[in-house]
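Participant: Sharing a structure, written as structure tokens. Questions coming.
The values are calculated or read from the model by the stated rules, or taken from the named source; none is laboratory data. Given the structure is predicted, the values throughout are model-derived calculations rather than measurements. For neighbour counting, all protein chains shown are included, and Cβ atoms are generated from backbone atoms with ideal geometry for every residue, glycine included.
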Amino acid sequence: MDKDARDVKRLAPWPNNAGLGHLLPVFTVCVLFTSQLMNPLLAQSGQRSITSTQSSDDQSQVADSKLPGMSSAQESKAKKDNGEEGTEKDNEGTGKKAVSSLILTVKLALLEDPRLFPYEIEVEAGSDEVTLAGKVSTEAEKAAAAKIASTVPTVKSVSNKLEVVKELPEMIAHRHDEIITHHVKERFAKSATVTAAHFDVTTEQGVVSLSGTVRFQVIVLEAAEAAREVPGVKAVRTDKVRIESEG
């Protein structure tokens, strides 16, 4: 009896193991079925993620594409921030100065004529008329100035108010001589030797004359060479300079 009881106990687990054996295929089938159900869900989730990313990119592209088509107020603000609005206004303001441009054009044309070059001729301009004012030395020069001004594009009429002054060339020459004398003296001041000689300087028709007394002739040469460097000087006369001997 005892032996039979031990055999029964030893064989008792077999039914349970046999039951698990039957359940294992069922469990495997359930796992496979569940994985097949999950794969479409994962695929749909991935597709949604890709679609969301593409949608974000499309929205960004749309936002960028709208920049060129922004409203005029927004565009004006953007230009103001970039400093473009002021540039456009400056350009517009420059374009409105056509009258000044006409004045400069006429003045430059007058300066190209050797007969009129020495004279200071003032030019005033309206919409299509220019006015000449100033002084010239002959009637021929006055007529020449009007003719030159009339050849400038956009000029339809010329009001010639130039005054003829026959002594004008001499007056201009005298003024030039004064300027030359001033520059010669400035040049002498750069040399201590020439400054110590105390030369008297005069200019007539571009010819510089020196007078005074020195001990060494080389000082006279230095002064004459310094005067020669001044623009407008035609010659330097030193015959009035006396060389003083010692004793």
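Participant: So which helices (runs of 4 or more DSSP H) are wholly in region 153-247 and hold at least 3 residues that are within 30 Å of VAL123 (Cα to Cα) and not aliphatic (A, V, I, L, M)?
Facilitator: Where helices (runs of 4 or more DSSP H) fall fully within region 153-247 and carry at least 3 residues being within 30 Å of VAL123 (Cα to Cα) and not aliphatic (A, V, I, L, M), they are 168-188.
Every residue, every condition in (1) touching a residue at least 40 places away in the same chain (Cβ under 8 Å); (2) in the same structural domain as ALA224 (by TED's automatic domain parsing); (3) within 39 Å of the chain's Cα centre (by Cα), yes or no:
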| position | (1), (2), (3) |
| --- | --- |
| GLY126 | no, no, yes |
| VAL136 | no, no, no |
| ALA140 | no, no, no |
| LYS147 | no, no, yes |
| SER150 | no, no, yes |
| VAL155 | yes, no, yes |
| ASP177 | no, yes, no |
| ILE180 | yes, yes, yes |
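Participant: Within region 100-115, can one find any residue that is modelled with pLDDT under 95, hydroxyl-bearing (Ser, Thr, Tyr) and over 34 Å from the mean Cα position of the chain (by Cα)?
Facilitator: The answer is no; no qualifying residue exists.
Let's see how each residue does on (1) surrounded by 15 or more Cβ atoms within 10 Å (Cβ to Cβ); (2) of a type in the set (A, V, I, L, M, F, W, C); (3) under 30 Å from GLU141 (Cα atoms); (4) more than 50 Å from the chain's Cα centre (by Cα):
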| residue | (1), (2), (3), (4) |
| --- | --- |
| LYS166 | no, no, yes, no |
| MET171 | no, yes, yes, no |
| PHE188 | yes, yes, no, no |
| THR193 | no, no, no, no |
| PHE199 | yes, yes, no, no |
| THR203 | yes, no, yes, no |
| SER209 | yes, no, no, no |
| THR213 | no, no, no, yes |
| ALA224 | yes, yes, no, no |
